[in-house]
Amino acid sequence: MQEQRKRFERKGQFTPWTVISSNRKGYLKGKMGASYSQTDLVKAWNGNLRLTFNSLYPLEKPFVKGFKPKLGEDKWTRFLIAFATSHKLPLRDFIQTAYMRIPDDAVDYFQSTAYDYWESLNREMEFVTMDSGKRIKRNEVFTPGLARRIFESEKNRRNNFPREMLAKDACYHIPKTREDLRASVDDDSEITMVLTIEGAHALGTDRASIAEVSRRVNYIKTQWPTPVFFITFAHHFDNKLCGHAHSIPDQGKALLDQSVNLNAGFNDNGRRILREFLGLNRKLEIDPKLGYRILIDVKHMSARARKEYYEEIVKPCLAKDDIIPIIGSHCGYSGISSLEKHIERMPKEVDDYCDDSGLFNSWNINLCDEDIEMIVKTKGLFGLSFDQRILGITAEDKESKRNGIQLLWENIEGIVKSAYANENLGDEEKPHIWKCITIGTDLEGLIDPVSPYPTVLEFELFAGNLIFEIEQARKKGNPKHLSHFKDLNEVRTAVEDFCFHNAANFVKKHYPIKSFEEDF
C-alpha cells in the first residue's frame, strides 16, 4: 500500500485491517510465504491469536541491490552473476518481483537514494498504530493485479474462505503502559499487539552519525506514542554496530552478499547503542536520562557478538541484581554445546549442516546450550521458529513425515533436555525452562513454514498435535525432563503455557511501567 497510499485512502482501505488477497495454492501447499499472508490481522483474529509481537522492519537494501565480487576470492561465474543481477539492469527487478512478490515500483523505490531506513521505520510505526484501539465492523479486501480483479470474485472468496478474508467486530490494541498491557492481555475481545524492531539498521546506521543514531534511540523512547518492547539488534546484513550470523542458504549467495561483518563481534559504537537501548551508562548503571529499557533480542546476532553481550553486559549486570532477560525471538536449537564451539565451526556452515545427531541446524544463527543457560538464568524467552530450515529440515527429508509436529517437538525437547543436562544450572533452576519457551514463528518473514502449519489459522491444530507428542513421550520410560507431568491435564497446561501464558507473563513483567510523561 505504501506506494499507492492516496488510492487506498480514497477507498477507505489504507488500514492494517485490509487483507491483500493471497495465492491459495501456495497456502494450501505450505509453500514459502511470499505469495500468501501467514498472519495478517484477519487471520490472527479468526485464529484466536490474542498476543502478537509485531516487528517493524525497513527492508534491507542488499536484498534489492547488486553486489561487488572480490578479486582473488570469488570465481569468475560470480562476476557474471553480479553483472547480470545488478540493480541497474531489469533482471534484478524481475527476480525481486517473482521471488519476494514485491511490486516493481516498490523495488525501484527501495533501490533509490530516496529510500531511508529511519523514515521508513517511522512510517511503519505510524501505519500500524493508526487503528490501535479502534473496533471495526468488518475489514476491507484488496486483490492485486487487473486480471485477478476481473476474474476473481471477492464476494465468493469471502463466502468460501471467511476465516482468511473476513473479520467482524474486531480490535487490536498497542498498549502504552504496563498497566494498559496487562488489561489488554486479559481481554479476549482484542488482540494485544506489542511492537518490536527487526534490526538496528532501522535507525539509519548506513547514513547517520553515531550521535544521530543515539538521538534516534532517545526519539523512539520519548516521541513514539507507544513503547518498543525489544529490538532484534542484528539482522541479515551489516548494520555497522555488531556482527550478524550466517542466515542465507548457499543458493541465495548467487544474489546476496552477507560477507561484510559476517560472524563478527561488537564495535565501540555498537556497545554504546546497546547500552542506550538498555538504559545503562558506561558503568552499567541504570540511568533515568536514557529512558525506559528496550530489551535486546539475540536472534541474528553472531555467536561471537552474543558471547560479548553476555560477558560484557548481561553477566556483570546480573551480579548486581539487574537482570536483563535474554530473548531469542524466532530461533531453533543448534545442538551445539557452547558459543566458542559455534565460533570454531563457523567456516563449516553450508546448507544442511547439522549437529552430530543429524537433527538440528547447527548454524550459529541458532541457539546453543550456553544461550539456553543464559535464558534460564535470566528468566528470558526462547521463541521457537516455524521455519523448516532453521529447525533442521534438510533437502533429503523436506517431504518426509518429520516435516510436521515431529520437527517442532524435536527442537522443544532438545531445548528442554539442554537445560536439564546443564551442570551450571541448579536442580531448582532446570525445570524453569518450561516457562521460558514459546511460539516465535517468524511468520511473514519470507519463511518456508513447517508444512502442516503455514499460517496462524493452524495454531489450534499445532497445539493439539503437541499435546499428543508430549503425552506419548512422557509414557516412554518416564524421562527426567518430563517426569513432572503426572497426567494428560498437566501436559495440556504445559502446552497452553507454551502457546500463550509464558509469553503473556513475560511481557506483563517487563513491559515499561509508566506513561511517557511520568518517565521523562
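Taking the residues in the stretch 129-146 that are β-branched (Val, Ile, Thr) and at pLDDT 95 or above as candidates, determine which candidate is nearest to residue 3 (Cα to Cα). The selected residue is 129.
Residue by residue, here is whether (1) touching a Lys or Arg at 6+ places or on another chain (Cβ under 8 Å); (2) at pLDDT below 95; (3) under 23 Å from residue 442 (Cβ atoms) holds:
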| residue | (1), (2), (3) |
| --- | --- |
| 296 | no, no, yes |
| 311 | no, no, no |
| 329 | yes, no, yes |
| 339 | yes, no, yes |
| 349 | no, yes, yes |
| 368 | yes, no, yes |
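Scanning the stretch 46-56 for residues that are touching a helix residue (DSSP H, G or I) at 6+ places or on another chain (Cβ under 7 Å), crowded, with 18+ Cβ neighbours inside 10 Å and in a loop (DSSP other than H, G, I, E, B) gives a single hit, 49. Residue pairs whose Cβ atoms lie under 6 Å apart, sitting 6 or more positions apart in sequence or on different chains, and linking a residue in the stretch 187-207 that is over 14 Å from residue 135 (Cα atoms) to a partner that is open to solvent by 10 Å² or more (accessible area, probe 1.4 Å) and small (Gly, Ala, Ser), are 196/55; 198/55. Among the conditions (1) surrounded by 21 or more Cβ atoms within 10 Å (Cβ to Cβ); (2) assigned to a helix (DSSP H, G or I), the only one that residue 458 does not satisfy is (1). Counting the residues of the stretch 282-293 that are surrounded by 13 or more Cβ atoms within 10 Å (Cβ to Cβ) and either part of a loop (DSSP other than H, G, I, E, B) or modelled with pLDDT under 95 (or both) gives 5. Picking from residues in the stretch 263-279 that are over 16 Å from residue 216 (Cα atoms) and touching a strand residue (DSSP E or B) at 6+ places or on another chain (Cβ under 9 Å), the one that is surrounded by the most Cβ atoms within 10 Å (Cβ to Cβ) is 266. Of the residues 271, 207, which is among the basic types (Lys, Arg), within 22 Å of residue 328 (Cβ to Cβ) and touching an Asp or Glu at 6+ places or on another chain (Cβ under 9 Å)? Being among the basic types (Lys, Arg), within 22 Å of residue 328 (Cβ to Cβ) and touching an Asp or Glu at 6+ places or on another chain (Cβ under 9 Å) holds for just one of 271, 207, which is 271. When the stretch 424-445 is filtered for residues that are modelled with pLDDT of 95 or more and either hydrophobic (A, V, I, L, M, F, W, C) or within 14 Å of the chain's Cα centre (by Cα) (or both), the ones remaining, listed by number, are 425, 433, 434, 436, 437, 438, 439, 440, 441, 442.
Scanning the stretch 406-436 for residues that are open to solvent by 60 Å² or more (accessible area, probe 1.4 Å), within 27 Å of residue 387 (Cα to Cα) and among the polar types (S, T, N, Q) yields a single hit, 406.
Yes or no: residue 479 on the phi < 0 side of the Ramachandran plot and open to solvent by less than 10 Å² (accessible area, probe 1.4 Å)? When the stated conditions are applied, residue 479 does not pass them.
Screening the stretch 1-26 for residues that are farther than 14 Å from residue 157 by Cα and touching a helix residue (DSSP H, G or I) at 6+ places or on another chain (Cβ under 8 Å) and picking the one that is surrounded by the most Cβ atoms within 10 Å (Cβ to Cβ) gives 17.
Results for (1) among the basic types (Lys, Arg); (2) crowded, with 17+ Cβ neighbours inside 10 Å; (3) out of contact with any strand residue (DSSP E or B) (no Cβ under 6 Å at 6 or more places or on another chain), shown as yes or no for each residue.
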{"residue": "441", "(1), (2), (3)": "no, yes, yes"}
{"residue": "452", "(1), (2), (3)": "no, no, yes"}
{"residue": "493", "(1), (2), (3)": "no, no, yes"}
{"residue": "508", "(1), (2), (3)": "yes, no, yes"}
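Summed over the stretch 224-250, residues that are open to solvent by 20 Å² or more (accessible area, probe 1.4 Å) and either touching a Phe, Trp or Tyr at 6+ places or on another chain (Cβ under 9 Å) or free of Cβ contacts under 8 Å to residues at least 40 places away in the same chain (or both) total 4. Does residue 469 meet the test of being part of a helix (DSSP H, G or I), of a type in the set (D, E, K, R) and under 30 Å from residue 236 (Cα atoms)? Answer is no for this residue.
Of the residues in the stretch 277-295, at least one is under 26 Å from residue 507 (Cβ atoms), in contact with a Leu (Cβ under 8 Å, 6 or more places away or on another chain) and β-branched (Val, Ile, Thr).
The values are calculated or read from the model by the stated rules, or taken from the named source; none is laboratory data. What you see is a predicted model, and the numbers here were worked out from it, not measured in a lab. Neighbour counts are summed over all protein chains in view; Cβ atoms, including those assigned to glycine, are modelled from backbone coordinates with ideal geometry. These accessible areas exclude ligands, DNA and RNA; they are computed on the full protein's heavy atoms, side chains included. Shrake-Rupley method; radii C 1.70, N 1.55, O 1.52, S 1.80 Å.
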